[in-house]
Amino acid sequence: MLLITCPVCGVKADETEFVNGGLYAQEGARDRYVRGIVREWWMCDAGCRTWFGMARHAGNQRIFATWVRGKELELFPGESA
């Protein structure tokens, strides 16, 4: 189970209080998935209902970062989102 904090309103809840919008489409995503890191869209259903991005490890579910849509993070140097 994931414990997610919304980067917009700060609501902290388990994943059932958020809506998973699927993988973040990007060039080279398959290569990064092999390393275990996936980027997904999530919506804060328990609070502000805003969509945001999240990077997590697909195996151990560790959340590396969340960001507001339009302010994507550069997790891998030199990549273009």
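Six or more apart or on different chains, Cβ atoms under 6 Å: show the pairs whose first residue is in region 45-63 and open to solvent by 50 Å² or more (accessible area, probe 1.4 Å) and modelled with pLDDT of 90 or more and whose second is of a type in the set (Lys, Arg) and not in a strand (DSSP E or B).
Cβ pairs passing all conditions: Trp51/Arg69.
Since Lys12 meets every condition but one in (1) at pLDDT 85 or above; (2) surrounded by 14 or more Cβ atoms within 10 Å (Cβ to Cβ), which condition does it not meet?
Against the list (1) at pLDDT 85 or above; (2) surrounded by 14 or more Cβ atoms within 10 Å (Cβ to Cβ), Lys12 comes up short only on (2).
Only residues that are assigned to a loop (DSSP other than H, G, I, E, B) and of a type outside the set (A, V, I, L, M, F, W, C): list them for region 1-18, please. First the steps, then the outcome.
Taking region 1-18 and keeping what is assigned to a loop (DSSP other than H, G, I, E, B), we get 1-2, 6-11.
If the condition is that a residue be assigned to a loop (DSSP other than H, G, I, E, B) and of a type outside the set (A, V, I, L, M, F, W, C), then Pro7, Gly10 are the ones that fit.
Being touching a Gly at 6+ places or on another chain (Cβ under 8 Å), open to solvent by 40 Å² or more (accessible area, probe 1.4 Å) and either assigned to a loop (DSSP other than H, G, I, E, B) or modelled with pLDDT under 95 (or both) narrows it down to one residue among Glu27, Glu79, Glu40, Glu72; which is it?
Working: Glu27 fails: touching a Gly at 6+ places or on another chain (Cβ under 8 Å); Glu79 fails: open to solvent by 40 Å² or more (accessible area, probe 1.4 Å); Glu40 fails: open to solvent by 40 Å² or more (accessible area, probe 1.4 Å).
It is Glu72.
The values are calculated or read from the model by the stated rules, or taken from the named source; none is laboratory data. From a predicted model like this one, the values you see are computed outputs, not experimental measurements. Quick reminder, even Gly has a Cβ in these numbers, built from the backbone with ideal geometry, and neighbours come from all protein chains shown. For accessibility, only protein heavy atoms count, side chains too; no ligands or nucleic acids. Shrake-Rupley method; radii C 1.70, N 1.55, O 1.52, S 1.80 Å.
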